[in-house]
Amino acid sequence: MAKLSIVEAVKDALDCEMERDSSVVVLGEDVGLNGGVFRATDGLFAKYGDRRVIDTPLSESGIVGVSIAMAVQGLKPVAEIQFDGFTYPAMDQLFSHAARLRNRTRGRYTCPLVVRFPYGGGIRALEHHNESPETYFVHTPGLKVVIPSNPYDTKGLLIASIRDPDPVVFMEPKRIYRSFRDEVPENAYVVEIGKAKVVREGTDITLISWGAMVRECLKAADDAAVQGVKVEVIDVRTLSPCDYDAIFASVQKTGRCIVVHEAPRTLGFGAEICARVQEKLLLYLKAPVLRVTGYDTPFPYFKLENEYLPGPDKIKKAMAQVMKF
Amino acid sequence: MQKDIASFRVKYVQILDEKGNVDKKLEPELSDQELRDLYRWMVIERVFDNTALALQREGRIGTYAQSLGEEAVHVGSVFAASDDDWIFPDYREHVAFLMRKVPVKNLLLHWGGSEEGMDLPERSNIFPVCIPVGTQTLHGAGTAIAFKLKKKKFCSLTFVGDASTSTGDFNEGLNFAGTFMAPAVFIIRNNQWAISVPRVCDKPDWGGCQSRAQTLAQKAIAFGFDGVQVDGNDVLAVYSVVKEALEKARKGKGPTLVECFSYRLPPHTTADDPTRYRDPEIVKAWLKKEPLARFKLYLQKKKLWDEKFESAVQAEAKRMVDQGVKEAEDFKPKPTDMFDFVYEKLTPNLSEQRKEWLS
Ligand SMILES: Cc1ncc(C[n+]2csc(CCOP(=O)(O)OP(=O)(O)O)c2C)c(N)n1
Ligand SMILES: [Mg+2]
């Protein structure tokens with residue numbers, strides 16, 4: 001087993017699948033010789049050549065639209081969008097076509113493509129390089145949305161996404177691309193789409209999160225443990241489809257639930273989780289379900305990004321609130 | 001029956017060659033003061049650029065996009081415009097802001113991660129830095145259409161990179177401008193690279209490049225107006241062609257696309273490593289064609305440049321930039337500004353979140 005970072009796990013997953021299945025192609029801006037601006041496709045161009053690792057013209061709508069059609073023709077495109085904020089020009093192709101082609105043709109045409117991109121703040125980046133747009137995709141029927149938080153899941157979930165028969169939006173937490181390494185098996189393996197993971201067990205509070213925020217929750221949970229509060233942390237891993245059973249099982253046990261995400265609060269995915277939890281578990285709840293999130297503002301330029309981003313302090317405040325309710 | 005029903009030409013304009021020789025027939029009528037001003041602004045941009053790069057290396061600002069080698073494109077075009085014409089930059093035309101009296105401080109605040117940097121002085125008539133490439137083309141077109149509706153004799157001047165011409169918005173912007181005969185001039189800064197993707201397609205049967213069109217200027221033809229290619233390292237050519245395009249636009253004769261042919265000497269941004277994808281020898285060859293050296297030779301021949309002038313210009317640029325650095329570094333952003341500028345009036349929702357932040 002090798003020790004890989006998240007971004008290395010992305011590359012490893014692509015490599016495994018490209019080797020196994022000649023219909024897998026990678027395309028995007030600067031993914032070839034340059035290996036992607038985060039080096040997520042580093043070395044693939046040398047290994048697989050320009051017909052399978054394709055530098056495209058600068059057009060996100062183009063990348064996704066062309067990928068849809070390539071997928072219909074039996075290829076397995078893995079499209080890279082360079083940054084979260086540049087998925088916006090591709091929304092029309094994703095929403096109007098990728099998400100609906102199966103339904104519109106009653107299953108005659110399908111487009112099993114993967115659109116992957118780095119997302120989220122915390123790296124002192126320029127404007128439009130810090131977005132957490134998961135809600136838009138989750139809100140669009142027909143798309144699956146996957147967000148790993150560690151290298152092992154990254155590889156297994158990306159391979160599962162490539163093999164999935166439906167379009168998958170695969171969001172990579174760039175803030176922790178290189179923050180730590182995990183043991184990652186060399187062979188291809190799959191982490192099932194639609195399964196959350198309990199990453200820390202506890203009986204007092206359930207913290208629910210995804211992407212880079214999972215680590216912030218774990219830090220807050222460690223601090224709480226010192227005060228004797230036992231916190232369970234759930235990494236949702238796939239937002240669509242979402243594993244509500246795992247969430248319900250935990251909240252039924254703890255009776256307290258906090259959702260943590262970087263995206264703005266209003267209609268963030270936390271809102272959906274809160275709604276589901278109270279629909280199902282009202283009488284088990286010992287406190288209101290809370291959210292610790294980004295604010296309903298544009299993501300600020302980097303001087304203020306730490307004021308905007310949720311972190312252990314804000315999470316601990318919410319935990320204190322549910323404990324004393 | 002068959003016959004040719006359309007044909008087109010694309011002009012290339014160079015006035016100053018690499019050795020500073022001038023094409024007398026095309027030499028623009030500019031006063032000595034104006035010629036020296038062109039030089040001054042190019043020096044100011046270069047001094048700003050070097051300073052910003054140094055600040056980035058010391059972690060005092062964030063990721064930065066250098067303008068080195070493109071000064072003639074930026075200075076020549078903005079110099080040709082009147083102060084009432086509106087400018088739509090992307091992220092590399094630093095001097096365009098300075099020429100519109102935006103203080104150095106603002107640029108450094110912007111690149112240093114504070115929104116205050118793009119709180120632009122009144123009547124600077126320039127849009128903020130635009131990062132989603134190509135999108136500003138529609139703003140250039142729309143501004144020109146608005147000027148036309150309001151019967152104003154103003155134009156818009158929009159800058160895009162060569163790779164940005166591949167976006168939908170670029171093409172839509174040109175089409176709007178063309179259909180409405182809008183007083184818009186579009187400048188392509190063709191520095192021949194996206195990040196690592198070259199402008200030109202060198203494989204006969206596959207992509208990996210930006211466009212198979214012979215020139216980018218000819219894209220205008222498809223939208224019903226003229227495209228011109230100029231030597232982007234020749235400030236006189238850029239100035240003259242843009243000036244003419246603006247005059248044409250002001251007379252109601254519609255838009256023009258000006259492709260400035262240059263080369264990106266530095267990395268794409270400070271986050272980029274060009275040794276991964278391009279040959280440093282080619283960069284060296286282009287360095288010899290850079291715009292300042294050539295214009296200096298021209299001024300020298302006209303007896304408008306000497307060491308004394310040079311040191312005065314350098315000193316002025318340094319003063320201006322150093323003062324900007326100091327002012328920018330004294331600035332502390334106010335966290336509550338995060339909430340206070342989203343709408344004209346704070347909404348109840350944001351007011352609550354603002355309180356939450358303060359508690
Ligand atoms: C819509 C969009 N997609 C991707 C990017 C990321 N990106 C920033 S600059 C750039 C290359 C732009 O090349 P070009 O238009 O030639 O301008 P240059 O940087 O060379 O001046 C890319 C891909 C972006 N800013 N906007
Ligand atoms: Mg370019």
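The values are calculated or read from the model by the stated rules, or taken from the named source; none is laboratory data. Because the structure is a prediction, the values reported are computed rather than measured. Glycine also receives a Cβ, built like all others from the backbone with ideal geometry; neighbour counts cover every protein chain displayed. Note: accessible area is taken over every heavy atom of the protein model, side chains too, but ligands, DNA and RNA are not part of it. Shrake-Rupley method; radii C 1.70, N 1.55, O 1.52, S 1.80 Å.
Listed residues B:Leu98, B:Leu107, B:Leu68; which is farther than 21 Å from B:Ala146 by Cα and either basic (Lys, Arg) or open to solvent by 30 Å² or more (accessible area, probe 1.4 Å) (or both)?
Details: B:Leu98 fails: either basic (Lys, Arg) or open to solvent by 30 Å² or more (accessible area, probe 1.4 Å) (or both); B:Leu107 fails: either basic (Lys, Arg) or open to solvent by 30 Å² or more (accessible area, probe 1.4 Å) (or both).
Being farther than 21 Å from B:Ala146 by Cα and either basic (Lys, Arg) or open to solvent by 30 Å² or more (accessible area, probe 1.4 Å) (or both) holds for just one of B:Leu98, B:Leu107, B:Leu68, which is B:Leu68.
Taking the residues in the stretch B:151-184 that are of a type in the set (Val, Ile, Thr) and under 21 Å from B:Gly76 (Cβ atoms) as candidates, determine which candidate is farthest from the other protein chains (Cβ to nearest Cβ). So, considering only residues that are of a type in the set (Val, Ile, Thr) and under 21 Å from B:Gly76 (Cβ atoms), the one farthest from the other protein chains (Cβ to nearest Cβ) is B:Thr158.
Could you tell me which residue of the stretch B:146-165 is nearest to B:Glu93 (Cα to Cα), considering only residues that are part of a helix (DSSP H, G or I) and out of contact with any helix residue (DSSP H, G or I) (no Cβ under 7 Å at 6 or more places or on another chain)? Among those that are part of a helix (DSSP H, G or I) and out of contact with any helix residue (DSSP H, G or I) (no Cβ under 7 Å at 6 or more places or on another chain), it is B:Ala163. On the basis of being open to solvent by less than 10 Å² (accessible area, probe 1.4 Å) and of a type outside the set (A, V, I, L, M, F, W, C), does A:Glu183 make the cut? The answer is no for A:Glu183. Against the list (1) away from chain A (no Cβ under 14 Å); (2) within 16 Å of ligand 2 (Cβ to nearest atom); (3) touching a Cys at 6+ places or on another chain (Cβ under 8 Å), the condition B:Gly69 fails is (3). Applying a threshold of 7 Å to beta carbon distances and a minimum spacing of six or more residues, or different chains, the list of pairs starting in the stretch B:197-211 at a residue that is more than 9 Å from chain A (Cβ to nearest Cβ) and within 15 Å of ligand 1 (Cβ to nearest atom) and ending at one that is of a type in the set (D, E, K, R) and open to solvent by less than 10 Å² (accessible area, probe 1.4 Å) reads B:Arg199/B:Asp162. Of all residues in the stretch B:341-356, one or more are over 29 Å from B:Leu55 (Cα atoms), more than 14 Å from every other protein chain (Cβ to nearest Cβ) and loosely packed, with under 12 Cβ neighbours inside 10 Å. Pairing residues of the stretch A:80-95 that are modelled with pLDDT of 95 or more with residues that are open to solvent by less than 10 Å² (accessible area, probe 1.4 Å) and of a type in the set (Lys, Arg), at Cβ distances under 8 Å and at least 6 apart in sequence or on separate chains, gives A:Glu80/A:Arg116; A:Ile81/A:Arg116. Suppose we keep only residues that are open to solvent by 60 Å² or more (accessible area, probe 1.4 Å) and outside any helix (DSSP H, G or I) within the stretch B:294-308. Which one would you say is nearest to B:Val43 (Cα to Cα)? Filtering first and then ranking leaves B:Asp306.
The lone criterion from (1) within 21 Å of the chain's Cα centre (by Cα); (2) within 13 Å of ligand 2 (Cβ to nearest atom) left unmet by B:Val185 is number (2).
Conditions (1) over 21 Å from the mean Cα position of the chain (by Cα); (2) crowded, with 19+ Cβ neighbours inside 10 Å; (3) farther than 20 Å from A:Lys144 by Cβ, marked per residue:
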| position | (1), (2), (3) |
| --- | --- |
| A:Ser209 | no, yes, no |
| A:Arg215 | no, yes, yes |
| A:Ala225 | yes, no, yes |
| A:Gly228 | yes, no, yes |
| A:Asp243 | no, yes, no |
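What are the residues in the stretch B:1-20 that are surrounded by 13 or more Cβ atoms within 10 Å (Cβ to Cβ) and either among the β-branched types (Val, Ile, Thr) or without any contact (Cβ under 8 Å) to a residue 60 or more places away in the chain (or both), if any?
B:Val10, B:Val13, B:Ile15
Scanning the stretch A:67-86 for residues that are touching a helix residue (DSSP H, G or I) at 6+ places or on another chain (Cβ under 9 Å) and within 11 Å of chain B (Cβ to nearest Cβ) yields A:Gln82, A:Phe83, A:Phe86. Residues in the stretch B:199-250 that are open to solvent by 20 Å² or more (accessible area, probe 1.4 Å), part of a loop (DSSP other than H, G, I, E, B), away from ligand 2 (no atom under 16 Å from the Cβ) and in contact with a helix residue (DSSP H, G or I) (Cβ under 8 Å, 6 or more places away or on another chain): B:Phe223, B:Gly224.
Take the conditions under 18 Å from A:Tyr136 (Cβ atoms), open to solvent by 10 Å² or more (accessible area, probe 1.4 Å) and aliphatic (A, V, I, L, M) and apply them to A:Met1. Does it pass? The answer is no for A:Met1. Considering only residues that are open to solvent by 10 Å² or more (accessible area, probe 1.4 Å) and outside any strand (DSSP E or B), look in the stretch B:185-195 and name the one that is farthest from the other protein chains (Cβ to nearest Cβ). Among those that are open to solvent by 10 Å² or more (accessible area, probe 1.4 Å) and outside any strand (DSSP E or B), it is B:Gln192. Annotation: A:Leu290 fulfils all but one of (1) away from chain B (no Cβ under 12 Å); (2) open to solvent by 10 Å² or more (accessible area, probe 1.4 Å); the unmet one is (1).
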